[in-house]
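K.L.:
The following block contains the structure, expressed as structure tokens.
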Amino acid sequence: MSYRGQIIKAMSGFYYVRPDRDEIIKGSPADNSGTYQCRAKGIFRKNDITPLVGDRVLFELTDTDDVEGNVTEILERKNFLIRPRVANVDQALVIFALHTPEPSTELLDRFLIGMRSKEIPVILVFNKDDLGSEGEPETFRRIYKGAGVRLLFTSALEHSGIDEVRELLRGKLTTVAGPSGAGKSSLINALSGRELMTTGDLSRKTGRGKQTTRHTELLEIEEGSYIIDTPGFSSLEFDGLDSSSLDSLFPEMVRYKNECYFAGCSHINEPDCGVKRKLLEGYIPRERYDSYVLIYNELSKIRRYS
Ligand SMILES: Nc1nc2c(ncn2[C@@H]2O[C@H](COP(=O)(O)OP(=O)(O)OP(=O)(O)O)[C@@H](O)[C@H]2O)c(=O)[nH]1
Ligand SMILES: [Mg+2]
Ligand SMILES: [Zn+2]
């Protein structure tokens with residue numbers, strides 16, 4: 001007998017599955033959190049596919065007396081990400097801190113590229129607004145104006161900007177993504193009004209987060225609004241992305257690339273480049289262009305050596 005459900009947590013090789021219908025499985029009540037602890041059967045490993053939080057699955061119970069089982073099939077995905085490891089999301093909340101840890105526009109742009117390449121809409125949040133000084137929000141507004149994202153500023157500490165974010169999450173499944181210590185779990189707690197996730201200090205020595213969240217977990221912040229908390233990470237590389245189509249993931253470049261003289265213009269060394277002209281005229285932010293060049297070179301290198 002197999003049942004349908006959704007993976008809401010992945011931890012230490014186990015997948016915690018919440019059945020679609022609560023009345024499920026006579027004689028085998030779910031554990032306190034309403035989930036069944038499942039392993040993935042070997043077939044997934046063979047097919048090079050691993051279950052992800054957010055996956056809709058079929059599962060079987062291994063023993064009707066307990067709450068354990070096996071995931072036997074992953075149902076068709078709407079989308080999925082490798083970093084963070086999630087599936088079937090409607091949108092992403094990319095969270096950076098205004099300070100501590102200091103934001104890196106290059107890392108941020110990598111997150112945006114990753115999401116855009118999977119056509120996942122992004123809400124970009126700068127958290128720790130309470131630590132910001134005058135003019136800083138304007139700087140980021142300038143940089144990300146044409147980047148095709150919603151941009152918000154919050155303070156999980158002082159509860160500012162929270163209602164606005166909650167509004168954008170209503171009725172959706174949203175994944176968070178961002179570096180360790182940015183306040184992802186703190187923001188989730190502020191959004192839900194409950195201590196759903198553990199939060200942690202920054203390392204005094206490095207000023208970075210301490211990787212407090214180590215597993216991925218889907219949570220309900222209010223009725224019908226779901227969010228996935230994920231571990232922070234501080235680097236992101238791409239495989240399967242072609243340098244020649246990188247510009248298509250920068251909306252502010254897409255606007256101007258038809259003004260380039262060469263059809264396959266990379267916007268780096270070619271003469272008569274519309275993108276570089278708009279950069280010099282101030283229509284394309286220097287920070288975004290710098291990220292583009294850096295990642296373009298990285299992707300071209302990967303291709304040359306492989
Ligand atoms: N000043 C200030 N501190 C905050 C804010 N939000 C979170 N913090 C602090 O930042 C630190 C890290 O917060 P977390 O929520 O654990 O960060 P995280 O992004 O979940 O980090 P990982 O789980 O390691 O990926 C904690 O000490 C929080 O108290 C904020 O808005 N303002
Ligand atoms: Mg966390
Ligand atoms: Zn060009």
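The values are calculated or read from the model by the stated rules, or taken from the named source; none is laboratory data. Not measured: the values here are computed from a predicted model. Using ideal geometry, Cβ is built from the backbone for each residue, glycine included, and neighbour counts are taken over all protein chains shown. To get the accessible areas, we keep the full protein, side chains included, count just its heavy atoms, and leave off ligands, DNA and RNA. Shrake-Rupley method; radii C 1.70, N 1.55, O 1.52, S 1.80 Å.
K.L.:
Grab the Cα-Cα distance for Phe14 and Arg45, subtract it from 0.36 nm times how many residues apart they are, and report the gain in nm with one decimal.
P.N.:
Extra length available between Phe14 and Arg45 comes to 9.8 nm.
K.L.:
Next up: Report the relative contact order of the chain, percent, no decimals, based on alpha-carbon pairs under 8 angstrom and at least 6 residues apart.
P.N.:
Over the chain, the number comes to 14 percent.
K.L.:
What's the FRET efficiency of His159 with Ser234 using the Cβ-Cβ distance as r and R₀ = 30 Å, to the nearest 0.05?
P.N.:
0.65
K.L.:
Another question about this same structure. About its Cα centre, how strong a charge dipole does region 211-294 have in debye, to the nearest 20, once Lys and Arg get +1 and Asp and Glu get -1 at the Cβ?
P.N.:
That gives a dipole near 520 debye.
K.L.:
Mind checking Rg over Rh on region 121-261, alpha carbons, Kirkwood formula for Rh?
P.N.:
With Rg and the Kirkwood Rh in hand, the quotient comes to 1.01.
K.L.:
Just by accessible area at a 1.4 angstrom probe, what is the order of Leu241, Leu219 from largest to smallest?
P.N.:
Leu241, Leu219
K.L.:
At what distance in nm do the modelled label points of Thr72 and Glu259 sit from each other, each positioned 7 Å from its Cα along Cα→Cβ?
P.N.:
Taking the two extended label points, one gets 6.0 nm.
K.L.:
Would you mind calculating the relative contact order of region 100-167 from Cα pairs under 8 angstrom and at least 6 residues apart, reporting the percent as a whole number?
P.N.:
In percent, rounded to a whole number, it is 31.
K.L.:
With every protein chain in place, what's the accessible area of Lys210 (1.4 Å probe, Å², nearest 10)?
P.N.:
Here the accessible area works out near 110 Å².
K.L.:
Roll a 1.4 Å probe over the protein heavy atoms and report the accessible area of Phe14 in Å², nearest 10.
P.N.:
Near enough 50 Å² of accessible area.
K.L.:
Treating the beta-carbon of each Lys and Arg as +1 and of each Asp and Glu as -1, no other charges, what is the dipole magnitude of the chain about its Cα centre, to the nearest 20 debye?
P.N.:
It comes to approximately 820 debye.
K.L.:
How high is the relative contact order of region 124-226, in percent, counting Cα pairs under 8 Å that sit 6 or more residues apart?
P.N.:
Relative contact order of region 124-226: 24 percent.
K.L.:
If you don't mind, there's one more thing I want to ask. Between 0 and 90 degrees, rounded to the nearest ten: what's the tilt of helix 105-117 against the longest Cα principal axis of the chain?
P.N.:
60
K.L.:
Round to the nearest 10 and report in Å² the accessible area of Asp129, as given by a 1.4 Å probe over the protein chains' heavy atoms.
P.N.:
Number for this one is 50 Å².
K.L.:
Any lysines with Cα under 23 Å of the Lys41 Cα? List them, leaving off those in the same chain fewer than 8 positions away.
P.N.:
Candidates past the 8-residue exclusion: Lys9, Lys78.
K.L.:
When each pair of different Cα atoms in region 1-150 is counted once in the 1/r mean, what is the Kirkwood radius in angstroms, to one decimal?
P.N.:
Evaluated over region 1-150, this radius sits at 17.8 Å.
K.L.:
If Glu217, Glu76, Glu252, Glu237 are ordered by their accessible area, calculated over protein heavy atoms with a 1.4 Å probe, which sequence runs from highest to lowest?
P.N.:
Result of the area sort, largest leading: Glu76, Glu237, Glu217, Glu252.
K.L.:
Tell me the volume per residue, in Å³, of the convex hull enclosing the alpha carbons of the chain.
P.N.:
155
K.L.:
Give the Kirkwood hydrodynamic radius (Å, one decimal) of region 93-193, defined as one over the mean of 1/r across all pairs of different Cα atoms.
P.N.:
13.6
K.L.:
Please give me the summed charge of the neighbours of Asp290: other residues whose Cβ is under 10 Å from its Cβ, Lys and Arg +1, Asp and Glu -1.
P.N.:
Spelling it out: positives minus negatives among the neighbours equals -1.
K.L.:
Return the unpartnered cysteines for the chain, using a Cβ-Cβ cut-off of under 4.7 Å.
P.N.:
Result for the chain is Cys38, Cys273, no neighbouring Cys Cβ within the cutoff.
K.L.:
A follow-up question, please. Using DSSP to define loop residues, name the GluC sites (Glu not before Pro) in region 114-151 whose beta-carbon has at most 15 other beta-carbon atoms within 10 Å.
P.N.:
Answer in residue order: Glu119, Glu134.
K.L.:
Same structure again: What does the charge count near Cys265 come to, summing +1 for each Lys or Arg and -1 for each Asp or Glu among other residues with Cβ under 11 Å from its Cβ?
P.N.:
-2
K.L.:
Under the rule of -39500 (n - 2.57) per DSSP H run of 4 or more residues, summed and divided by the residues of the chain, what mean residue ellipticity at 222 nm is obtained, to the nearest 500 deg cm²/dmol?
P.N.:
Dividing the helical sum by the residues of the chain leaves -7000 deg cm²/dmol.
K.L.:
Determine the percent antiparallel among the DSSP beta bridges restricted to region 85-198, to the nearest 5.
P.N.:
5
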